[in-house]
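Written out below as structure tokens is the structure these notes cover.
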């Protein structure tokens, strides 16, 4: 049986992974002022960062229409596994679910599952890789779905940002948190709840200190040993490699994957942001 792992463009797979035939991306769109950016292979991160810096209003993101998912479903694969960013952060999951219903009306025997990653960016990457790993073993469709769902519930996502302005302006963070941290130059260590909602895990006076707290949290749980860690960075590759070295000294992950944020993740991580994700299973 053939399969396809379909992700929305908040899944920050590396360019080499996107070139593999197992993966297919459905783009979200970004509006900065009057300028519209399609979050696909043509995405220019430097241009988006410049436009966000120059624009007085917050960037707006739009989820894919169901028709875009339907186009992806027509890829010819027998088993379709769809991964979206947290349903609490975007309408992408709902759009994919609508597309699934429409697809099944025309193809009643089709096998399509929509995963709510309850995460974004690096978290979606790990789930996409896990689904691909399970499907590539030739496991039955429902087995892949159940095992990947179990992994998803055991995923931890954390991030440290230079600026919280875009999260605040788009309603992903309270105004008080953003104003207070900005005025005091405090850097927040943020995380995602099991349901995919953003919450505060700690704070520090610098990004480096916040990253140290992040590593400390990871190192305290021995269940991470032998697992894959994904690090997504927004225009700060050197910082990502510094974090990788910090992790290697304190933790026991089997491997560490570094990737760069795409358009949607760039909007929220902003220049200098770091997102990490790992599984406990």
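General observations
- Virtual spin-label span in nm between residue 2 and residue 249, 7 Å along Cα→Cβ: 4.9
- Folded to 0 to 90 degrees: helix 92-106 orientation relative to the chain principal axis, Cα: 0
- Cα pair distances of the range 33-177 binned at 5 Å [whole percent]: 2, 8, 15, 18, 19, 15, 10, 7, 4, 1, 0
- Label-point separation, residue 212 to residue 101 (7 Å along Cα→Cβ), nm: 5.2
- Per-q log10 I(q)/I(0), the chain, q = 0.12, 0.14, 0.16, 0.17 Å⁻¹ (Debye; single scatterer per alpha-carbon; no solvent): -0.72, -0.98, -1.26, -1.41
- Neighbour-count order for 199, 81, fewest beta carbons within 10 angstrom listed first: 199, 81
- On the beta carbon distance between residue 258 and residue 199, with R0 = 30 Å, the FRET formula returns roughly 0.75.
- Angle in degrees between helix 175-184 and the longest Cα principal axis of the chain, rounded to the nearest 10: 40
- With contributions of -39500 (n - 2.57) from each DSSP H run of at least four residues, the per-residue ellipticity at 222 nm computed over the chain stands at -12000 deg cm²/dmol.
- Each of 5, 247 was scored by other Cβ atoms within 10 Å of its Cβ. Arranged with the fewest first, they read 247, 5.
- Dividing the mean sequence gap of close Cα pairs (under 8 Å, 6+ apart) by how many residues the chain holds gives a relative contact order of 22 percent.
- The range 3-153: relative contact order in percent, alpha carbon pairs under 8 Å with at least 6 residues between: 26
- Helix 45-54 axis, angle to the chain major axis (alpha carbon atoms, nearest 10°): 50
- Within the chain, percent of DSSP bridges classed antiparallel, to nearest 5: 55
- One Cα centroid belongs to the range 1-80, the other to the range 236-266; the line between them spans 22 Å.
- Cβ crowding within 10 Å ranks 130, 200, 4, 244 as 200, 244, 4, 130, fewest other Cβ atoms first.
Bear in mind these aren't lab numbers, they're just calculated from the coordinates by the rules spelled out. Given the structure is predicted, the values throughout are model-derived calculations rather than measurements. Virtual Cβ from ideal backbone geometry, glycine too; neighbours counted across all protein chains shown.
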